[in-house]
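What follows is one structure encoded as structure tokens, with my remarks underneath.
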Amino acid sequence: MRRPTIGAMVGLAALVLLATAIGSEGHATGVPKKVQFSIGDAGKGIMTLPIYRGGSLPDEFLLLPTPGNCGRSVQVTYVWDEAENSMRLRLQGKGVLEPYPDVDRTEGVDFFTNPFWPEAIDFEDGRYQFWTISTPDVATFYYDQQTLQLLGSEYDFPGPPPPNTIPVQIPVFAALPTPFFQPEPNGDLDLVVEYDYDHLVRPDRPDLAHTVGTFLPHSLCSAHPFRYDLSSTRPWAKTLPASHAKSFREYLENGLIFDMTVEPPTPATDPPLTTMAGVYQGATALPGGVPKGWTLDLEAVFGGTAPAIIPLPSAPYQGESCVAWYKPKRDRDFNICGGMP
């Protein structure tokens, strides 16, 4: 009898995972725990991997404690088929979330008011949202010629650029959310969300596409022309209408970052953005994802230096306590308007 080839065996494994990850009706049926596996291409395939607390943290982000001494993981699975125009996302974990979480922050300590990313400083009885993030675009931002302060972006000023401004092109990310959700009372999570492959919009607001965002200088005075690590940057975000929706191919081909945020009972803005507070994160920048106890070093990623990951400062399994941890606001000494120390 002819023995199966390696390719056939891998293909069979993929079919098994496809069948067990998400059933034919879109119901979760038992994806393996802590499996790191992907097969296929941008047109059809499956990817599954665990994400851990703090796997990819931007500046000014409040990382909240999670059950199990902050050491548990959420299994993330994508199954997609461009020909069928379908993309399904599944999230699963045992005892991974606290139902109805609270966020309590202090202005000037672990929260800084931001006109370009407004959000509630604190709230009770919150809920969760998972974000699929990629970096497929570059956007134009406008700075005032006199003050050098940020005025907005091409999304705020469609058409010709506003007069007396300096245009600057900056990479931006696209963040696609799930609907808001809660875990089971015991903290278990098992969520399946379906999207159209060719037109990814918010499931809870189909009139809206992704949230576009970045981290950039709010003043050109603090922008080092060659060194991101010496520049002072702050968050910027805007949710776009459905006419800006992307395909899942655009997300896949630019690499994925994952974030699970904690959101207030009612969005702070309309259209809604997201909070800078959350629990589980990860990325596909490394084969197999970011390991437990480590975090993607966005400064290294933006600056094109190595290593791409660093130890997570607040990992209790590295001797720290399982408590909230705030990644500091990016304030650097460089100031081109007042000279460089």
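Ordered by solvent-accessible area of protein heavy atoms (1.4 Å probe), largest first, the residues Cys221, Cys70, Cys337 come out as Cys337, Cys221, Cys70. Heavy-atom accessible surface of Val290, to the nearest 10 Å², is about 10 Å², with a 1.4 Å probe and all protein chains retained.
Whole number please: convex hull volume per residue of the Cα set in the stretch 214-341, in Å³?
171
Volume per residue for the stretch 171-213 equals 97 cubic angstrom (convex hull of Cα atoms).
For the stretch 59-75, the residues whose amide N sits under 16 Å from a probe point set 7 Å from the Cα of Ser321 along the beta carbon direction are 63-66, 69-70. For Gly126, neighbours were defined as the other residues whose beta-carbon sits under 9 Å from its Cβ, and their charges (Lys and Arg +1, Asp and Glu -1) total -3.
How do 91-97, 117-123 rank on mean C-beta neighbours within 10 Å, highest first?
91-97, 117-123
Taken over the Cα atoms of the stretch 143-302, the convex hull encloses 155 Å³ per residue.
With all protein chains in place and a 1.4 Å probe, the accessible surface of the chain carries 55 percent carbon and sulfur. Treating each Cα of the stretch 96-230 as an identical point scatterer and summing with the Debye formula, the log10 of I(q)/I(0) at q = 0.17, 0.18 Å⁻¹ comes to -1.14, -1.20. Annotation: aspartates and glutamates with alpha-carbon distance below 13 angstrom to Lys327 (same-chain offsets under eight excluded): Asp59, Glu60, Asp110, Asp297, Glu299.
Counting only lysines at least 8 places from Lys44 when in the same chain, those with an alpha carbon closer than 18 Å to its own are Lys246.
Relative to the longest principal axis of the Cα atoms of the chain, the long axis of helix 6-21 makes an angle of roughly 80 degrees. On the basis of the beta-carbon distance and an R0 of 22 Å, Gln182 and Asp41 show a calculated FRET efficiency of 0.05.
Rounded if a/c is under 1.5, else prolate if a/b beats b/c, else oblate: with a ≥ b ≥ c from the C-alpha gyration tensor eigenvalues square-rooted, which is the stretch 37-76?
Verdict is oblate for the stretch 37-76.
If the segment from Thr135 to Asn164 were pulled out straight at 0.36 nm per residue, it would be longer than the present Cα-Cα gap by 7.5 nm. For the stretch 113-224, the solvent-accessible area works out to 43 Å² per residue, with a probe of 1.4 Å and every protein chain left in place.
Looking only at Tyr78, Tyr280, Tyr228, which one moves most when the chain is put into a Gaussian network model with springs between Cα atoms under 10 Å? Looking only at Tyr78, Tyr280, Tyr228, the largest GNM fluctuation is found for Tyr228.
Radius of gyration (Cα atoms) of the chain, expressed as a multiple of 2.2 N^0.38 Å: 1.03. Rounded to 0.05, the FRET efficiency of the Cys221 and His199 pair, given R0 = 41 Å and the Cβ-Cβ distance, is 0.50.
Could you please report the charge total around Asp204, scoring K, R as +1 and D, E as -1 over all other residues with beta-carbon less than 12 angstrom from its beta-carbon?
+1
The values are calculated or read from the model by the stated rules, or taken from the named source; none is laboratory data. Note that the coordinates shown come from a computational prediction; the quantities given were computed from them, not determined experimentally. Cβ atoms come from the backbone with ideal geometry, glycine included; neighbour counts cover every protein chain shown. For the accessible areas, the whole protein counts, side chains as well, though only heavy atoms, and no ligand, DNA or RNA atoms are used. Shrake-Rupley method; radii C 1.70, N 1.55, O 1.52, S 1.80 Å.
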